[in-house]
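Report on the structure given below.
No lab work stands behind these numbers, since they all come straight from the coordinates. Only a predicted model underlies this, so the values are computations on that prediction, with no experimental measurement involved. We place every Cβ from the backbone using ideal geometry, glycine too, and count neighbours over all the protein chains shown.
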Amino acid sequence: MINVDTIQIEESLPRIKFACNADACRGACCTLPGGLGAPLLDEELTEIDQALSIVESMLPREHRDVIYQHGKYEGVPGSYTTMCIDHHACVFVLYENGIAKCAFEKAYFEKKLSWRKPISCQLFPIRIDRGWPQRLRYEQISECDPAIENGIDKNIFLDDFLKDALIRAYGERWYRQFKEVCEWHRAQGDKFLFNQ
């Protein structure tokens, strides 16, 4: 693991090239099977409660029905997730041209919300293992293969692609440290490369 201030970083992260390609993956990260939705911070529940009246009209009827019948999220303090449809799509997913998109993010870009979406969603494919110290790791899934190919084609590293999300999560000072660490590791020309 690599230490950046008080956060531990998986050693592969500096070398990963990644840039989402929703046209290819169709927003797969919002509809992964498994039964649990997006991980939520406890304080994000209030954001979701406040945002529902703004985004509910964007959602498919089936999603609204699940929210009204079963709620917006589930879990216990420290381990909440968004509710899912049939153990699959997040209830806050909408579809545009067959691509799954986040209703919160759509409202954010339309300047209807000041909150973008859960930080776990914005950071994906980086996952946070909470505890002391926190650990950041890359979650490799086949659905994101087009994003890896796109990152390689465009020479975009994960630390650049997720800059806004990482600053939101940890602040600009931490991000600058992280960026320096990533660039240093890439400059070493290590034999182990996660992708190239």
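DSSP loop GluC sites (Glu not before Pro) in the stretch 119-171 with at most 13 other Cβ atoms within 10 Å of their Cβ, which ones? Working shown, then result.
On the way: sites: 139, 143, 149; in loops: 139.
Here the GluC sites (Glu not before Pro) that fit, given the DSSP loop and packing criteria, are 139.
Assuming a ≥ b ≥ c are the square roots of the Cα gyration tensor eigenvalues, decide whether the chain counts as rounded (a/c under 1.5), prolate (otherwise, with a/b larger than b/c) or oblate.
Numbers: a/c = 2.05, a/b = 1.61, b/c = 1.27.
Prolate shape, in that a/c is at least 1.5 and a/b is the bigger ratio.
Grab the DSSP H runs of the chain that are 4 residues or longer, score each as -39,500 (n - 2.57), total them, divide by all residues and round the 222 nm result to the nearest 500 deg cm²/dmol. Don't skip to the answer; put the middle values down first.
Values: 9 runs with 76 residues, N = 196.
Using -39500 (n - 2.57) per qualifying helix, the result is -10500 deg cm²/dmol.
Quote to one decimal, in nm, the extra length available between residue 42 and residue 62 on full extension: 0.36 nm per residue of separation minus the C-alpha distance between them.
Working: separation 20, 0.36 × 20 = 7.20 nm, distance 2.57 nm.
Length gained, residue 42 through residue 62: 4.6 nm.
Can you give the FRET efficiency for residue 177 and residue 79, using 1/(1 + (r/R0)^6), R0 = 30 Å, r = Cβ-Cβ distance, to the nearest 0.05?
Working: r = 29 Å, r/R0 = 0.97.
E between residue 177 and residue 79, to the nearest 0.05, is 0.55.
I want to verify the translational diffusion coefficient of the stretch 19-110 in µm²/s; compute it with Stokes-Einstein, Rh as the Kirkwood radius over Cα pairs, at 10 °C and 1.306 mPa s.
Translational diffusion coefficient: 118 µm²/s.
Tell me, what ³J(HN,Hα) does each residue in the stretch 49-60 have, in order and in whole Hz, if you take phi through Karplus 6.51 cos²θ - 1.76 cosθ + 1.60 with θ = phi - 60° and put x for Gly and Pro?
4, 6, 7, 4, 5, 7, 9, 4, 5, 7, 7, x
I'd like the trypsin sites (Lys or Arg not before Pro) in the stretch 25-131 restricted to DSSP loop residues with at most 14 other Cβ atoms within 10 Å, sorted by number.
111, 112, 130
For the chain, find the longest principal axis of its Cα atoms and tell me its angle to the long axis of helix 172-187, 0 to 90°, nearest 10.
So the helix axis and the longest Cα principal axis differ by about 50 degrees.
For the stretch 27-115, what's the relative contact order in percent, using C-alpha pairs closer than 8 Å and at least 6 residues apart? Present the calculation step by step, with values, prior to reporting the outcome.
On the way: 123 pairs, mean separation 34.8, N = 89.
Dividing the mean separation by the residue count of the stretch 27-115 yields 39 percent.
Using 7 Å Cα-to-Cβ label points, what is the residue 1/residue 127 separation (nm, one decimal)?
Those two pseudo-labels are separated by 1.5 nm.
Between residue 50 and residue 188, take the C-beta separation as r, use R0 = 41 Å, and let me know the FRET efficiency to the nearest 0.05. Don't skip to the answer; put the middle values down first.
Numbers: r = 46 Å, r/R0 = 1.12.
That gives a FRET efficiency of 0.35.
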